[in-house]
Amino acid sequence: MPDPSNYLHDPVRGPLYRPTRPARPNRKKRTVTMPERVGPHVKLVFAEMARLRFTYDEVEEGSGVRRASMKAWRKKNRPGLESLEAVLGFLGWDFIAVPRAKALPEEVVAELKPIADKLSLTMPQTVAALIEIVTGIHDRFPAHPRAEIVEGGVAQAAEQPALRNMH
């Protein structure tokens, strides 16, 4: 009977695999899978965790939300607002309630209408821009995808000839 250790390693040719077992793939297995019957906000959490390749332990350490709680969101529990904001904040997202134009008071809509007309925006786009300004979201991201970070700030497209010519 042949020695079973010969099936696993050959000193001349390197490691061998049994004929019934294929070689292991070199890529890392996904750490987070997408749950099926959950709300869109929970799907966003798990999609971002998978996209960024964060493990539950990394998110727990960064956000302060326990791993068991996040795993329970998949089947049993619904996340609380504070937990959801903490996890999304760690993943680089904000969870903000944005009112629709028809929910705004008429005097606010009347004041936003000239601004929307001047900027050639629809009312929902104007409300979204206003929310970005009020919450400070626009300060956290570059104004242009190709803008460069210059001494702690974002360089304006008008100051960069290559970007100015793209418009």
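FYI, it's all coordinate maths here, none of it is from the lab. Computed from a predicted structure; not experimentally measured. When we count neighbours, we look across all protein chains shown, and the Cβ atoms used for this are built from the backbone with ideal geometry, even at glycine.
Summary table
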read-out: Spacing of the two label points (7 Å from each Cα toward its C-beta) at Leu81 and Trp93, in nm; value: 1.8
read-out: Within the range 55-144, trypsin sites (Lys or Arg not before Pro) in DSSP loop having at most 13 other beta-carbon neighbours inside 10 Å; value: Arg66, Lys75, Lys76, Arg100
